[in-house]
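What follows is a set of notes on a single structure, which appears directly below.
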Amino acid sequence: MQIEKDKLIVQAHQLLDICLTAVSFIVAYFIKKYLLPEPFRGVSIAPNYYIVLLMIIIIWYIIFNLFDLYASYTRQTFSHILWNMIKAVSTAMLAMILIMYIIKMSDVSRIMISLFFIIDIGFLALSKLFIYKILSSRRQMKINLRNILIIGYKERAKDVITAIESYSGTLKYRTLGCLDTNTDHLGETINKGVQVIDTVDGLEKILREEVVDEVIFAMPLSEIKNVVNYIAIAEGMGVAIRIIPDWYLYKIIYRPEIASVKFEPFLMIPTMVLSSTPSKHGELLIKSTIDYIMASIAMIVLLPLFLVISFAIKLYKFRTMAANAEAQRQKLAHLDEADGPVFKIKEDPRIIPFIGTILRKISLDELPQIINILKGEMSVVGPRPPIPNEVEKYEIWQRRRLSMKPGLTCLWQISPNRNDISFDQWMNMDLEYIDNWSLLLDIKIILKTIKVMLVGAGR
């Protein structure tokens with residue numbers, strides 16, 4: 001799963017570099033042809049510059065890969081990344097000049113090629129600085145962090161911990177601890193400072209209280225009593241499950257109701273994976289790209305609206321409720337019209353008169369979440385973001401909605417009479433979205449959300 005994601009990221013990075021190189025060539029061509037002062041302006045028509053551009057694309061692609069330009073940025077300084085790129089571009093340029101000399105392509109403008117060399121380095125340097133800064137900020141915000149819980153404490157567990165500590169890919173893994181089948185080894189350090197923090201009986205409690213992305217069974221399943229229950233708990237909460245195979249699974253006769261099952265290596269360790277989230281990694285990468293593009297455009301276009309609304313509520317925040325709204329919630333508990341953990345009142349007295357009502361009616365109170373999308377904490381489309389005290393009251397099956405990044409809009413947002421549906425219906429809509437996710441579904445939801453905003457169906 002992660003190997004597939006890493007490959008997609010590398011391919012996207014390669015495509016970006018080649019596109020920037022092609023753009024650099026085109027920019028250099030137009031500068032030489034139209035912008036340089038006389039007598040340096042203009043290009044001859046003798047060489048076919050389309051052929052030159054094709055040569056550049058092929059040569060640059062090969063050289064960039066030979067220089068390992070797409071190694072993980074995790075353990076590299078930017079100066080090292082920049083110097084490696086400059087060496088690669090310089091080598092590619094020398095290779096191209098040599099090839100042009102061999103095939104006797106002598107009419108190519110030297111000034112244009114020099115311009116291309118400088119512009120290409122500039123564009124590539126800026127793109128790599130941008131990527132480096134984004135990855136650095138994501139690491140600081142722990143967006144790329146995946147928390148691992150290991151069941152087992154012997155050699156398999158030690159191997160997993162060693163692999164995690166040695167990994168230097170695009171993600172950062174953190175081992176929360178190990179679980180044993182009894183209390184004999186509680187507090188014992190297994191490897192690299194990782195300890196046995198509980199028994200398997202505490203799995204559900206840990207999954208409820210901690211952010212756990214994957215559970216790895218690093219011991220024979222035959223040694224775990226009621227192992228089916230533990231797998232079902234993790235699966236039901238949407239937590240990915242990895243099993244280092246001892247081929248005992250067929251004996252426990254466990255057939256996942258939700259998760260897909262496949263075999264893949266985890267940091268070079270063969271594992272069987274039960275995943276309850278979408279595995280369309282290429283489309284998910286496109287989804288993330290669309291999120292950033294749409295959020296960036298929205299921030300620019302809607303900035304005047306942000307300022308007007310902020311001024312209108314005098315607090316420079318998009319607050320539609322009174323400042324002490326959460327404190328008033330206890331006093332208004334008897335008026336709660338919603339079932340489940342959510343809190344809803346049709347005529348909520350905490351809403352700021354007029355401006356708060358209007359903002360909620362046309363869903364403009366959601367706009368600040370665009371900033372969360374730019375920070376990588378949310379998506380344009382996804383399950384509605386809950387508040388912590390709601391999550392504490394979730395049943396196991398409801399927690400699976402947390403396995404996908406929350407969104408600005410969702411199926412619930414575009415549903416008729418959305419404010420009147422039950423909490424279970426809302427949860428089922430989010431799980432339906434996760435189980436049937438596709439880019440086409442996201443586009444449909446976005447278009448319907450625009451319609452809902454224009455109609456003013458919010459409350």
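None of the figures in this text is laboratory data; all of them are computed from the coordinates on show. Small disclaimer: the values here were computed from a predicted structure and weren't measured. Cβ: placed from backbone, ideal geometry, glycine included. Neighbour counts: every protein chain shown.
Taking all C-alpha pairs of segment 167-226, those more than 17 Å from each other amount to 45 percent. Which of the residue pairs LYS154/LYS225; LYS158/LYS405; LYS87/LYS128; LYS375/LYS448; LYS287/LYS444 have a Cα-Cα distance greater than 22 Å in the structure shown? With Cα atoms farther than 22 Å apart: LYS158/LYS405; LYS375/LYS448. Note on segment 103-214: Kirkwood radius taken over Cα pairs, Stokes-Einstein applied at 37 °C and 0.692 mPa s, translational D equal to 185 µm² s⁻¹.
Using the Karplus relation 6.51 cos²θ - 1.76 cosθ + 1.60 with θ = phi - 60°, the per-residue 3J(HN,Hα) values for segment 207-223 come to 5, 6, 9, 10, 7, 10, 8, 9, 10, 10, 7, 10, 8, x, 4, 5, 8 Hz, with x marking Gly and Pro. From least to most packed, judged by other beta carbons within 10 angstrom and beginning with the fewest, TYR101, TYR73, TYR292 follow the order TYR101, TYR292, TYR73. Give me, ordered by chain and number, the residues 5 or more places off ILE216 or on other chains with an amide H under 5 Å from its own placed amide H. Result for ILE216 returns LEU149, ILE150, ILE151, ARG242.
From most to least packed by mean Cβ count within 10 Å, the peptides 260-266, 173-179 give 173-179, 260-266. Can you pull a Stokes-Einstein diffusion coefficient for segment 145-275 at 25 °C (0.890 mPa s), Rh from Kirkwood over Cα pairs, as a whole number of µm²/s? This corresponds to a translational diffusion coefficient of 167 µm²/s. For THR183 and LEU307, the difference between the fully extended length at 0.36 nm per residue and the C-alpha to C-alpha distance is 38.8 nm. Please find the FRET efficiency linking ASP201 to GLU38, where r is the Cβ-Cβ separation and R0 is fixed at 60 Å, and quote it to the nearest 0.05. So, using R0 = 60 Å, E works out to roughly 0.10. This ranking places TRP83, TRP60, TRP412 by how few other beta-carbon atoms lie within 10 Å of each, fewest first, which gives TRP83, TRP412, TRP60.
A Förster distance of 25 Å, applied to the separation of the beta-carbon atoms of ILE269 and GLU209, puts the FRET efficiency at 0.35. Shown in residue order for segment 418-429 are the 3J(HN,Hα) couplings computed by the Karplus curve 6.51 cos²θ - 1.76 cosθ + 1.60 at θ = phi - 60°: 4, 7, 10, 7, 6, 5, 5, 5, 4, 4, 5, 5 Hz (x for Gly and Pro). When every Cα-Cα distance of segment 194-243 is counted in 10 angstrom steps from zero, the calculated P(r) takes the values 23, 64, 13 percent. Its alpha carbons considered, segment 2-140 gives a radius of gyration followed by a Dmax of 16.6, 55 Å.
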